[in-house]
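Q: Before I ask anything, here is the structure I am working with.
The values are calculated or read from the model by the stated rules, or taken from the named source; none is laboratory data. No experiment lies behind these values; they were computed from the predicted model shown. Quick reminder, even Gly has a Cβ in these numbers, built from the backbone with ideal geometry, and neighbours come from all protein chains shown. Calculation scope for accessible area: heavy atoms of the full protein, side chains included, ligands and nucleic acids excluded. Shrake-Rupley method; radii C 1.70, N 1.55, O 1.52, S 1.80 Å.
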Amino acid sequence: MVDVLAAPQQAKSDTALRTLVLISIAHWVSHFHMLVVPMLFPFLKAQLGVGYIELGFALTVFAVVSGLTQAPMGYLADHIGARKILLIGLAVGGFALIMLGMHLSYSWLIASAVLLGLANSVYHPADYAILAAHMDEARMGRAFSIHTFAGFLGGAVAPAVVAALVTVSGGVGALIVAGAIGPLVALLLIVADVPDASAADRRVDGEHPPKQNIITPALIVLTVFFTLLSLSNAGIGNFGVVALMSGYGASFSSANIALTAFLGFSAVGVLAGGFLADRTRRHGQVAAACFAINAVIVLAIAGLNLPSPLLTAAMAMAGFLGGVIAPSRDMLVRDAAPPGAAGRAFGIVSTGFNLGGIVSPLLFGWIMDQGAPHWVFGASVVFMVLTVLLALVTDRSPQGGSEAPEARVLQP
């Protein structure tokens, strides 16, 4: 009798693990594809005869397209199925890089940026909709953390992988091979039968959930929250090295070691944050506490000329705490999403990342041009403090979308 009862539970657990692995692989591809073109900037500059301004414009196009299409992709994921949208995104992203390799020109670079932005807008709505529908409620935070970690890993290995591809097959070959990964992973998801998730599949008490207004005050606040998160990290990630060198007298090697510690410990923090998110419902308080400590650490970096070992340790701790909040951040969105609307909810709030990605290069670049490198860290502290305040606001009524977690599980 025990074996009979345990068999369905084991099958459900195996399906959840397979789903998590497949969705995490797809997220790895998304972050890897985002960095393929930037890693090939020297090659593209020489081949296309353009400057870095023209190349940077391609990244702006990518960010704008991705930001404008996140919410529509969330709508499609909820209404025609997250699985279809995810497979299309993998194929389109791969096609964009392959076609750039086959037709190397500036016009194709811009077209590729448009397609890559469109493909990138798919992953968060589709991935989170599928995970929210098929993961065990008690392990949801850890599932989100592993998914986020896979994305971090994709970005971390991109420079080495692209460099190896260039060495073996040249710049054109690197574009084609990197692009081919997208359709190959899409094929893997089809063969492995990644499950679907859509509003049509969701039932609450045996009935389809009623239509609800997805543009809620909670999701608007969370979109601003995501924007502030992006702004608070982007300055350190993109301008930290030059700020440390020009404002604090750090050497190139010590500044890069400090930034590597920040990014590396961010990934470790994501995994730790998953366990924490599964042990509390006060996700906003977790995010607020971590970022409050982070603000103090970054303020110390901004105001003090720390010796290299202390600077590296401070950057590592800041990165770790920034990573810890990622699963709690995702749980806040999931809790705020109406039943059957996870795709749209994550699509809407993820536009905050894109807004931050558009604004931050201009803002922090302007700060550096003004000869105020200390304010790269100082402005990050300001955004962290605002993030803490918003995190506390979102935690005042966390039960709005989570009092009945069983309603979020697919019913047979």
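Q: Report, by residue number, each residue of region 342-388 that is open to solvent by 60 Å² or more (accessible area, probe 1.4 Å), within 29 Å of residue 126 (Cα to Cα) and either of a type in the set (Phe, Trp, Tyr) or free of Cβ contacts under 8 Å to residues at least 40 places away in the same chain (or both).
A: none
Q: Go through region 142-160 and give me each residue that's open to solvent by 50 Å² or more (accessible area, probe 1.4 Å) and in contact (Cβ under 8 Å) with a residue 60 or more places away in the chain.
A: 142, 146, 149, 152, 153, 156, 159, listed by residue number.
Here is a yes/no grid of residues against (1) modelled with pLDDT under 90; (2) within 17 Å of the chain's Cα centre (by Cα); (3) on the phi > 0 side of the Ramachandran plot:
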{"residue": "2", "(1), (2), (3)": "yes, no, no"}
{"residue": "13", "(1), (2), (3)": "yes, no, no"}
{"residue": "47", "(1), (2), (3)": "no, no, no"}
{"residue": "51", "(1), (2), (3)": "yes, no, no"}
{"residue": "56", "(1), (2), (3)": "yes, no, no"}
{"residue": "73", "(1), (2), (3)": "yes, yes, no"}
{"residue": "78", "(1), (2), (3)": "yes, no, no"}
{"residue": "81", "(1), (2), (3)": "yes, no, yes"}
{"residue": "95", "(1), (2), (3)": "no, no, no"}
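Here is a yes/no grid of residues against (1) open to solvent by less than 20 Å² (accessible area, probe 1.4 Å); (2) among the polar types (S, T, N, Q):
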{"residue": "262", "(1), (2)": "yes, no"}
{"residue": "269", "(1), (2)": "yes, no"}
{"residue": "274", "(1), (2)": "yes, no"}
{"residue": "277", "(1), (2)": "yes, no"}
{"residue": "287", "(1), (2)": "yes, no"}
{"residue": "300", "(1), (2)": "no, no"}
{"residue": "308", "(1), (2)": "no, yes"}
{"residue": "315", "(1), (2)": "yes, no"}
{"residue": "319", "(1), (2)": "yes, no"}
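Q: Does residue 24 fit the bill of being under 20 Å from residue 175 (Cβ atoms), of a type in the set (Ser, Thr, Tyr) and open to solvent by less than 60 Å² (accessible area, probe 1.4 Å)? Can you show your working first?
A: On the way: under 20 Å from residue 175 (Cβ atoms): no; of a type in the set (Ser, Thr, Tyr): yes; open to solvent by less than 60 Å² (accessible area, probe 1.4 Å): yes.
For residue 24, the condition - under 20 Å from residue 175 (Cβ atoms), of a type in the set (Ser, Thr, Tyr) and open to solvent by less than 60 Å² (accessible area, probe 1.4 Å) - is not met.
Q: Scan region 86-99 for residues that are open to solvent by 10 Å² or more (accessible area, probe 1.4 Å) and touching a Gly at 6+ places or on another chain (Cβ under 9 Å) and jot them down. Walk me through it before giving the result.
A: First pass over region 86-99, keeping only residues open to solvent by 10 Å² or more (accessible area, probe 1.4 Å): 87-88, 91-92, 95, 98-99.
Answer for region 86-99, where residues must be open to solvent by 10 Å² or more (accessible area, probe 1.4 Å) and touching a Gly at 6+ places or on another chain (Cβ under 9 Å): 91, 92, 95, 98, 99.
Q: Residues to consider are 282, 329; find the one that is of a type in the set (Lys, Arg), open to solvent by less than 60 Å² (accessible area, probe 1.4 Å) and modelled with pLDDT under 85. Step through it out loud before you land on a result.
A: Details: 282 fails: open to solvent by less than 60 Å² (accessible area, probe 1.4 Å).
One residue alone meets the criteria, 329.
Q: Say we look at region 161-178 and pick out the residues that are open to solvent by 30 Å² or more (accessible area, probe 1.4 Å) and among the small types (Gly, Ala, Ser); which of these is farthest from residue 38 (Cα to Cα)?
A: The selected residue is 169.
Q: Output the qualifying pairs, or none if there are none: Cβ atoms under 9 angstrom, residues six or more apart or on different chains, first residue in region 118-132 and more than 13 Å from residue 348 (Cα to Cα), second residue among the aromatic types (Phe, Trp, Tyr) and modelled with pLDDT of 90 or more.
A: That search, which allows pairs on different chains as well, returns 119/95.
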